[in-house]
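Quick one: structure below, then a few questions.
Quick note: the coordinates plus some simple rules give every number you see, no bench work behind them. Since this is a predicted model, take the numbers as computed values, not measurements. When we count neighbours, we look across all protein chains shown, and the Cβ atoms used for this are built from the backbone with ideal geometry, even at glycine.
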Amino acid sequence: MSRRGTVEEKTAKSDPIYRNRLVNMLVNRILKYGKKSLAYQIIYRAMKKIQQKTETNPQRSL
């Protein structure tokens, strides 16, 4: 039996622009050496290009 208490399950927070948990989870996967702002820039640029080329909502492709 463990001496420590039970751990509460953490939920992923949503990103500031799209308000989507999946986008934030994707940013955390791309994150390298703690540069979260750079990871956000990469994701947002990619989504902007998807939106320009397909003229649809880029979140549908996630």
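Are there any chymotrypsin sites (Phe, Trp or Tyr not before Pro) in the chain that are in a DSSP loop and have at most 12 other Cβ atoms within 10 Å? List them by number. Write out the running numbers ahead of the final one.
Details: sites: Tyr18, Tyr33, Tyr40, Tyr44; in loops: Tyr18, Tyr33.
Answer in residue order: Tyr33.
Still on this structure: Each residue of the range 20-29 in order: what ³J(HN,Hα) in whole Hz does its phi give by Karplus 6.51 cos²θ - 1.76 cosθ + 1.60, θ = phi - 60°, with x for Gly and Pro?
Residue by residue, the range 20-29 yields 10, 5, 5, 5, 5, 5, 5, 4, 5, 6 Hz.
With labels modelled as points extended 7 Å from the Cα through the Cβ direction, what inter-label distance (nm, one decimal) is found for Gln52 paired with Asn20?
Going by the 7 Å Cα→Cβ label model, 1.8 nm.
For the chain, calculate the relative contact order in percent as a whole number, restricting contacts to Cα pairs under 8 Å that are 6 or more residues apart. Intermediate results must be reported in sequence, preceding the final value.
Numbers: 32 pairs, mean separation 10.5, N = 62.
It rounds to 17 percent for the chain.
Where does the longest stretch of the chain lie that holds no trypsin sites (Lys or Arg not before Pro) found in a DSSP loop with 14 or fewer other Cβ atoms within 10 Å?
Values: sites that count: Arg3, Arg4, Lys10, Lys13, Arg19, Lys32, Lys35.
It works out to 36-62.
Let me ask another. Skipping prolines and chain starts, which residues have an amide H placed within reach, meaning under 5 Å, of the one on Asn20, given they are 5 or more residues away or on another chain?
Under 5 Å from the amide H of Asn20: Asp15.
Also: Choose one of Asn28, Met47, Thr6: the residue whose Cα lies farthest towards the positive end of the charge dipole of the chain (beta-carbon charges +1 Lys, Arg; -1 Asp, Glu; about the Cα centre).
Asn28
On to the next question. May I ask for log10 I(q)/I(0) of the range 9-58 at q = 0.27 Å⁻¹, from a Debye sum over the Cα atoms as equal point scatterers with solvent left out?
-1.05
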